[in-house]
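Worksheet: the structure to be examined is printed underneath.
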Amino acid sequence: MVSKLLRRQIERVVRPVQASPLRKNRMREELLAHLTRLYEEEGDRCSGDRDMALAAAVARFGEPAVLRRELQGTVPVWERISWRPLPGFPRVERQPGETITGLLARGARWVLALSAMTWLSVFVVVLLFDRPGGHTISLLNLSIAALAGTAAMLAGILGHPLVCEAIRQEWVALPARGSPNRVIALVRLLACTIVAVALMAGLIPAFLALINVVAGFPIFTGRLLWGLSLATAAISLPLTAVQVRGLQQFEDWGSLEIDGEMVS
Amino acid sequence: MRAIEGDRLRGHLEGLILAALEGGAGHGWEIWSRLEESAAGLLRLKEGSLYPALYRLERERLIVGRWESDASGRRGPRRRVYRLTPKGRRQLVAARGEWRQFVNVIGGLLGAT
């Protein structure tokens, strides 16, 4: 509970800063370490009165608005511009209080819209350049590819974060060494990781296989598709780790409500 | 003796941090403690302002920071330990020279030297 109060104070300072997530997470961690120490020191002085200690620690630490300006001044201009939200565009990042499924439901609309635009464009091109008597791309094959491609994209792009969330929860709840349930928990963790890696690793080869379907003959050989799967699997493991870490960062920081809210 | 308040102090904070690190590497809390001890409690600056100064110094490569290793056995958020770079040491020497000149000139005008 105290940790959450301290994090909320830090988040008031750091969240509005326009900077890369990496820089902001570093600020959060360092500032939290200092504020925690301040709180402990003030706790000793205030004979354990939590509210007084927190107020005293925050007073010593500084006004959020002032600190925020000072921190913003340390961010290079190019980084500030790169991470500034685009006006008129909806915020894509997860909002405080939003579940992972809520975020994915928002994302699904964009994925479907993008997929529909892409495949419609392909259809139009095929129809425009289809010549009687020449080699044509089967519209049936194209339709199958469009549906299968959209399904694959949804499974990969949206399914992966869901599995990463499962990995995060398993990791957080992992029993201590020596616990009888640890082995089962590790097996579950490994299974989730394999599923996550497979989802990402299968995306590119799946699309290439669909191109084979559309073309009506194997442009990309089976050996190439397998090779790509293995290569993508190698990349998707660290990417999965990054996504899991990002989800945990949200649990630690991003889920905190900071606007106009009483600290409780 | 009157305490030295935020605005008068802020322009010199980076030099003070370099001086605090001259004795050895330290994280933010340690740096602040060294400053407080040296100033006998007469510094009145919000402690959070230390970190923007540290980031500016790191950007200018006058100090370099790395995360404390987990082997320290401490619980809680990680701390970043900073140390002076050779460029930082040269800057500290230059800053001392400038300060002595400042004190001599202004002190002479005020009749305080």
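In table form, for the structure just shown:
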{"item": "Residue count for region B:22-67, restricted to those that are in a strand (DSSP E or B), touching a helix residue (DSSP H, G or I) at 6+ places or on another chain (Cβ under 8 Å) and under 26 Å from A:Pro76 (Cβ atoms)", "result": "5"}
{"item": "Failed item, numbered, when A:Val75 is tested on (1) exposed (fewer than 15 other Cβ atoms within 10 Å of the Cβ); (2) under 22 Å from A:Val242 (Cβ atoms); (3) not acidic (Asp, Glu)", "result": "(1)"}
{"item": "Flag if A:Val172 is surrounded by fewer than 13 Cβ atoms within 10 Å (Cβ to Cβ) and within 18 Å of the chain's Cα centre (by Cα)", "result": "yes"}
{"item": "Per-region count, region A:8-55, residues in contact with a Lys or Arg (Cβ under 7 Å, 6 or more places away or on another chain), touching a residue at least 24 places away in the same chain (Cβ under 8 Å) and within 23 Å of B:Glu36 (Cβ to Cβ)", "result": "3"}
{"item": "From the options A:Val242, A:Val214, A:Val187, residue that is among the aliphatic types (A, V, I, L, M), loosely packed, with under 14 Cβ neighbours inside 10 Å and under 30 Å from A:Ala113 (Cα atoms)", "result": "A:Val242"}
{"item": "Residue within region B:43-57 that is more than 20 Å from A:Leu32 (Cβ to Cβ), facing chain A (nearest Cβ under 10 Å) and either in contact (Cβ under 8 Å) with a residue 60 or more places away in the chain or not aliphatic (A, V, I, L, M) (or both) present", "result": "yes"}
{"item": "Members of region A:1-41 that are assigned to a loop (DSSP other than H, G, I, E, B), within 24 Å of the chain's Cα centre (by Cα) and not small (Gly, Ala, Ser)", "result": "A:Arg15, A:Pro16, A:Val17, A:Gln18"}
{"item": "Residue list for region A:81-110, filter: at pLDDT below 75 and of a type in the set (A, V, I, L, M, F, W, C)", "result": "A:Leu86, A:Phe89, A:Val92"}
{"item": "Per-region count, region A:31-69, residues among the aromatic types (Phe, Trp, Tyr) and either surrounded by fewer than 21 Cβ atoms within 10 Å (Cβ to Cβ) or within 10 Å of chain B (Cβ to nearest Cβ) (or both)", "result": "1"}
{"item": "Test: residue in region A:86-98 that is part of a helix (DSSP H, G or I) and either within 11 Å of chain B (Cβ to nearest Cβ) or crowded, with 18+ Cβ neighbours inside 10 Å (or both)", "result": "no"}
{"item": "Considering residues of region A:114-144 that are small (Gly, Ala, Ser) and modelled with pLDDT under 75 only, the residue nearest to A:Leu208 (Cα to Cα)", "result": "A:Ser138"}
{"item": "Checklist (1) within 11 Å of chain B (Cβ to nearest Cβ); (2) within 25 Å of A:Gly246 (Cα to Cα) applied to A:Ser20, failing item", "result": "(1)"}
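The values are calculated or read from the model by the stated rules, or taken from the named source; none is laboratory data. From a predicted model like this one, the values you see are computed outputs, not experimental measurements. All Cβ positions, glycine included, derive from the backbone under ideal geometry; neighbour counts span all protein chains shown.
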